[in-house]
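To keep things clear, I will list the structure first and then write my remarks on it.
Rule-based calculations on the coordinates, nothing more; no lab input. Being a predicted model, the structure only gives us computed values, none of them experimental. All Cβ positions, even for glycine, are placed from backbone atoms using ideal geometry, and neighbour counts span all protein chains on display.
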Amino acid sequence: MRRERVPGAMSQWQPWRWVLHDVLGHDLTPHAQHFGSAPRCLRHTDDEQLWLHPGFKVELFRDDAEGYYLNATTPAPCWFVLWRMEEEPAISDQVMAVPTMVSLSYHDAGRWLDAQENVDQIAAPEEVVAWMAAFAEEHWVAEVKRRRRPDSFKPLQDRFGNPAAVSTSKLRGGGPGSGNGGTHGE
């Protein structure tokens with residue numbers, strides 16, 4: 001995660017903002033041995049801080065194969081990262097953005113956004129996209145679209161929600177009072 005200074009007039013309301021910088025380590029098997037397990041600051045300047053948050057495991061699940069398919073077939077496949085502002089500063093003297101989940105699924109990202117979480121995305125490397133696409137191709141079965149039958153047990157309504165009726169009898173001559181001939185008391 002990167003903490004960067006907000007430039008210009010907007011800085012009077014918010015001097016700093018957090019953004020997703022990158023997702024690393026996807027090709028390293030001994031992840032904890034390489035990165036450790038605690039967050040650490042990689043770079044600190046007057047205008048920027050770059051923090052590494054190791055230890056995330058990304059798994060693909062068969063029941064979310066469509067979400068991976070949607071990501072893999074988009075023009076820009078990406079990682080989705082859900083992050084939150086921590087309540088109590090644990091490492092530094094300031095509140096910081098902490099990633100909580102990492103996914104490759106469009107469905108996960110959609111659920112997180114529906115819950116009004118902070119979700120950022122960043123391009124996924126080709127080898128990760130190939131892995132995700134192969135998994136989606138193997139496990140995703142497109143749902144067959146079926147015609148929806150009308151609910152025959154529900155009462156009919158017109159487009160305004162008022163009760164409606166359907167009649168199979170045909171009115172001839174326009175009905176009473178239409179002036180279409182006939183004698184009325186002559």
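See the values below:
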{"item": "Mean Cα-pair separation over length for the range 81-143, i.e. relative contact order, pairs under 8 Å, 6 or more apart, %", "result": "32"}
{"item": "Calculated FRET efficiency for the pair residue 126/residue 6, C-beta based, R₀ 35 Å, to 0.05", "result": "0.60"}
{"item": "Point-charge dipole on Cβ atoms (K/R +1, D/E -1) for the range 2-139, about Cα centre, debye to 20", "result": "380"}
{"item": "Residue 40-residue 153 FRET efficiency (beta carbon distance; Förster radius 45 Å; 0.05 resolution)", "result": "0.10"}
{"item": "43, 3, 111 arranged by Cβ crowding within 10 Å, fewest neighbours leading", "result": "43, 111, 3"}
{"item": "Label point distance in nm, residue 61-residue 143, each placed 7 Å from Cα along Cα→Cβ", "result": "1.7"}
{"item": "Sorted by Cβ neighbour density within 10 Å, fewest at the top, the residues 53, 139", "result": "139, 53"}
{"item": "Relative contact order (%) - criterion: Cα under 8 Å, at least six apart; region: the range 2-139", "result": "24"}
{"item": "Distance between the range 1-15 and the range 66-85 - C-alpha centres, whole angstrom", "result": "27"}
{"item": "Ordering of 161-168, 97-104 by packing [mean C-beta count within 10 Å, highest first]", "result": "97-104, 161-168"}
{"item": "Length added when fully stretched, residue 13-residue 76, from 0.36 nm per residue minus Cα-Cα", "result": "19.4 nm"}
